[in-house]
Amino acid sequence: MSEIRLAAESRTEFGKGAARRARRAGFVPGVVYGHGQTPVHLNLPSHALMMALKTSNALLVVPIDGKDEYVLPKAVQREAIKRTIEHVDLLLVKRGEKVTVEIPVLTEGELAAGGNLLEHVLNSLPVEAEATHLPESVTVSVQGLEAGASVLAKDITLPAGTTLAVDGDTVVLQVIGAQASQADADAEAAAAQA
């Protein structure tokens, strides 16, 4: 995963009024915390931040006290209707440090014939990886799986340097058999009685 550089400026005003002024000026208020340091309050460019957060687990580089620092988005607060970013909490990370993140689970292939359904028990998989080498997603083949089949976390091939942060026996995907309609069930019952 590549790092995304964001211009940021230190924030000295706090409260609702200051946050509204920052948003009108095209910025998003944010706070950077972690590693036992005093939280740092920043204003981040709204559009650039929105584009950066389209990538899951985006590794951001922001200037803090004149030095570029790596941060990961920890919590993003959005406006309820317009879905614009209202505030962001960022976690300070260091190169080589292991962090726990959730990566999306993608599937490929076709299930066995018969109208089976694939249920995503987990839409994202908790993993531990180096902060500067976070995987974007993991792809699982469901080719030919039949009703009753399950894919466990330990069965998923992870990228190099990535380990599971969840029990290996956790069900991630399962195949559910097609449900017969009530009319089909009634027809089968009538045929069995005849």
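The values are calculated or read from the model by the stated rules, or taken from the named source; none is laboratory data. Computed from a prediction, not measured in an experiment: that's the story for all the values here. Neighbour counts are summed over all protein chains in view; Cβ atoms, including those assigned to glycine, are modelled from backbone coordinates with ideal geometry. Keep in mind that these areas ignore ligands, DNA and RNA; they rest on the heavy atoms of the full protein, side chains included. Shrake-Rupley method; radii C 1.70, N 1.55, O 1.52, S 1.80 Å.
Quickly run through region 142-168 and pick out the residues that are among the β-branched types (Val, Ile, Thr) and in a loop (DSSP other than H, G, I, E, B).
Initial filter on region 142-168 (among the β-branched types (Val, Ile, Thr)): 142, 151, 156-157, 162-163, 166.
Scanning region 142-168 gives VAL142, ILE156, THR157, THR162, VAL166.
Which residue pairs have Cβ atoms closer than 9 Å, lie 6 or more positions apart in sequence or on different chains, and pair a first residue in region 129-155 that is in contact (Cβ under 8 Å) with a residue 12 or more places away in the chain with a second residue that is in a loop (DSSP other than H, G, I, E, B) and open to solvent by less than 10 Å² (accessible area, probe 1.4 Å)?
Short answer, once both residue conditions are applied: LEU134/ALA58; ALA149/VAL142; VAL151/VAL142.
Could you say whether any residue in region 12-25 is touching a residue at least 40 places away in the same chain (Cβ under 8 Å), under 30 Å from PRO135 (Cβ atoms) and open to solvent by 30 Å² or more (accessible area, probe 1.4 Å)? Steps first, answer last, please.
First pass over region 12-25, keeping only residues touching a residue at least 40 places away in the same chain (Cβ under 8 Å): 19, 23.
From the residues that got through so far, the ones that are under 30 Å from PRO135 (Cβ atoms) too are none.
No, region 12-25 contains no residue that is touching a residue at least 40 places away in the same chain (Cβ under 8 Å), under 30 Å from PRO135 (Cβ atoms) and open to solvent by 30 Å² or more (accessible area, probe 1.4 Å).
So the check is Cβ under 9 Å with 6+ separation or different chains; which pairs have a first residue in region 156-170 that's free of Cβ contacts under 8 Å to residues at least 12 places away in the same chain and a second one that's basic (Lys, Arg) and surrounded by 14 or more Cβ atoms within 10 Å (Cβ to Cβ)?
Nothing qualifies.
Which residues, counting only those in region 108-136, are under 23 Å from SER56 (Cα atoms) and open to solvent by 60 Å² or more (accessible area, probe 1.4 Å)?
Result: GLU108, GLU119, HIS120, VAL121, ASN123, GLU128, HIS133, GLU136.
Across region 1-11, which residue is modelled with the lowest pLDDT among those that are farther than 17 Å from SER46 by Cα and open to solvent by 70 Å² or more (accessible area, probe 1.4 Å)?
At the first step, the residues of region 1-11 found to be farther than 17 Å from SER46 by Cα are 1-3.
Checking which are open to solvent by 70 Å² or more (accessible area, probe 1.4 Å) leaves us with 2-3.
On the way: SER2: 64, GLU3: 76.
For region 1-11, the residue satisfying everything is SER2.
I need a count of the residues in region 35-47 that are among the small types (Gly, Ala, Ser) and at pLDDT below 85.
Residues of region 35-47 that are among the small types (Gly, Ala, Ser), as a first pass: 36, 46.
Pick out the ones that are also at pLDDT below 85 and you get 36.
The qualifying residues number 1.
Name the residues in region 49-70 that are open to solvent by less than 10 Å² (accessible area, probe 1.4 Å), farther than 17 Å from ILE103 by Cα and either at pLDDT 85 or above or charged (D, E, K, R) (or both), would you?
Of all residues in region 49-70, those open to solvent by less than 10 Å² (accessible area, probe 1.4 Å) come to 49, 52, 58-62.
Going one step further and asking which of them are farther than 17 Å from ILE103 by Cα, we end up with 49, 61-62.
The answer is VAL61, VAL62.
Just to be sure before I move on: is THR139 polar (S, T, N, Q), farther than 22 Å from ARG11 by Cβ, open to solvent by 70 Å² or more (accessible area, probe 1.4 Å) and outside any loop (DSSP other than H, G, I, E, B) in the structure I sent? Spell out how you get there, then give the answer.
On the way: polar (S, T, N, Q): yes; farther than 22 Å from ARG11 by Cβ: yes; open to solvent by 70 Å² or more (accessible area, probe 1.4 Å): yes; outside any loop (DSSP other than H, G, I, E, B): yes.
Yes: the conditions hold for THR139.
The rows are residues; the columns are (1) closer than 30 Å to PRO126 by Cα; (2) open to solvent by less than 70 Å² (accessible area, probe 1.4 Å); (3) at pLDDT below 90; (4) in contact with an Asp or Glu (Cβ under 7 Å, 6 or more places away or on another chain).
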{"residue": "LEU158", "(1), (2), (3), (4)": "yes, yes, yes, no"}
{"residue": "LEU164", "(1), (2), (3), (4)": "yes, yes, yes, no"}
{"residue": "ASP167", "(1), (2), (3), (4)": "yes, no, yes, no"}
{"residue": "THR170", "(1), (2), (3), (4)": "yes, yes, yes, no"}
{"residue": "ILE176", "(1), (2), (3), (4)": "yes, yes, yes, yes"}
{"residue": "GLN179", "(1), (2), (3), (4)": "no, no, yes, no"}
{"residue": "ASP184", "(1), (2), (3), (4)": "no, no, yes, no"}
{"residue": "GLU188", "(1), (2), (3), (4)": "no, no, yes, no"}
{"residue": "ALA194", "(1), (2), (3), (4)": "no, no, yes, no"}
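Could you please let me know if LEU92 is open to solvent by 40 Å² or more (accessible area, probe 1.4 Å) and in contact with a strand residue (DSSP E or B) (Cβ under 7 Å, 6 or more places away or on another chain)?
Against the criterion (open to solvent by 40 Å² or more (accessible area, probe 1.4 Å) and in contact with a strand residue (DSSP E or B) (Cβ under 7 Å, 6 or more places away or on another chain)), LEU92 does not qualify.
Going by the conditions given, is GLU97 buried (at least 16 other Cβ atoms within 10 Å of the Cβ), out of contact with any helix residue (DSSP H, G or I) (no Cβ under 9 Å at 6 or more places or on another chain) and of a type in the set (D, E, K, R)? Working first, answer last.
Numbers: buried (at least 16 other Cβ atoms within 10 Å of the Cβ): no; out of contact with any helix residue (DSSP H, G or I) (no Cβ under 9 Å at 6 or more places or on another chain): yes; of a type in the set (D, E, K, R): yes.
Judged against the criteria, GLU97 is not a match.
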